[in-house]
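Please read the structure below before turning to the comments.
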Amino acid sequence: AGLTAIPPNLYEAAELDGVNAWQAFWAIALPHLGSMMLLALTFRLLDAIRMFDTIFIMTGGGPGTQTYTASYYLYTVGFTQFHLSQATAGSWLFLIFTALVVTLLVRRLLKVEPV
């Protein structure tokens, strides 16, 4: 969908200037797709953060600790090992880190770019 939103006259002008496909991708397509890639990155990050139930039900964090995520690790520390203070501190740090990253991504998405 993002590639279809790029005006075709930009590619035509680049072709007249003698630009090859690789240069057109880097100079035309990638800058126009930047905001869409950031939006996709934000959604994928939020999906990865919420990934607890699937890991808990399907693998239980195993084999070994191969499928651990931050949320599953904090659950294990807090409710399996009963280190509630460490799990609480880790949860707060995880929340602050997540809020900072999402805030930076959203600010970048909402920044008005000159045309």
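The values are calculated or read from the model by the stated rules, or taken from the named source; none is laboratory data. These numbers were taken from a predicted model, which means no experiment stands behind them. Using ideal geometry, Cβ is built from the backbone for each residue, glycine included, and neighbour counts are taken over all protein chains shown.
What residue, among those in the stretch 69-102 that are polar (S, T, N, Q) and in a helix (DSSP H, G or I), is nearest to residue 41 (Cα to Cα)?
This residue is 98.
Of these, 95, 45, 41, 109, which one is more than 30 Å from residue 1 (Cβ to Cβ), under 22 Å from the mean Cα position of the chain (by Cα) and hydrophobic (A, V, I, L, M, F, W, C)?
Unique residue meeting the criteria: 95.
Every condition in (1) surrounded by fewer than 16 Cβ atoms within 10 Å (Cβ to Cβ); (2) within 12 Å of residue 52 (Cβ to Cβ) holds for residue 70 except the one numbered (1). Kindly list the number of the only condition in (1) in contact with a Phe, Trp or Tyr (Cβ under 6 Å, 6 or more places away or on another chain); (2) buried (at least 16 other Cβ atoms within 10 Å of the Cβ) that fails for residue 52. Here residue 52 clears every test but (2). Would you be able to tell me the number of residues in the stretch 38-68 that are out of contact with any Lys or Arg (no Cβ under 8 Å at 6 or more places or on another chain) and either among the small types (Gly, Ala, Ser) or touching a residue at least 12 places away in the same chain (Cβ under 8 Å) (or both)? Qualifying residue count, the stretch 38-68: 19.
Tell me, yes or no, whether the stretch 61-68 has at least one residue that is in a helix (DSSP H, G or I), in contact with a helix residue (DSSP H, G or I) (Cβ under 6 Å, 6 or more places away or on another chain), at pLDDT below 95 and on the phi < 0 side of the Ramachandran plot.
No; the residues of the stretch 61-68 include none that is in a helix (DSSP H, G or I), in contact with a helix residue (DSSP H, G or I) (Cβ under 6 Å, 6 or more places away or on another chain), at pLDDT below 95 and on the phi < 0 side of the Ramachandran plot.
Scanning the stretch 4-18 turns up at least one residue that is touching a residue at least 12 places away in the same chain (Cβ under 8 Å), under 21 Å from residue 111 (Cα atoms) and outside any helix (DSSP H, G or I). Per this entry, residue 105 is counted among residues that are surrounded by 15 or more Cβ atoms within 10 Å (Cβ to Cβ) and assigned to a helix (DSSP H, G or I).
Just to be sure before I move on: is residue 28 surrounded by 15 or more Cβ atoms within 10 Å (Cβ to Cβ), out of contact with any Lys or Arg (no Cβ under 7 Å at 6 or more places or on another chain), of a type in the set (Val, Ile, Thr) and modelled with pLDDT of 90 or more in the structure I sent?
It is true that residue 28 is surrounded by 15 or more Cβ atoms within 10 Å (Cβ to Cβ), out of contact with any Lys or Arg (no Cβ under 7 Å at 6 or more places or on another chain), of a type in the set (Val, Ile, Thr) and modelled with pLDDT of 90 or more.
If you filter the stretch 73-102 down to residues that are free of Cβ contacts under 8 Å to residues at least 40 places away in the same chain and β-branched (Val, Ile, Thr), you find that the one that is surrounded by the most Cβ atoms within 10 Å (Cβ to Cβ) is 77. All of 35, 85, 71 fail the test of being at pLDDT below 90, closer than 30 Å to residue 103 by Cβ and small (Gly, Ala, Ser), apart from 35.
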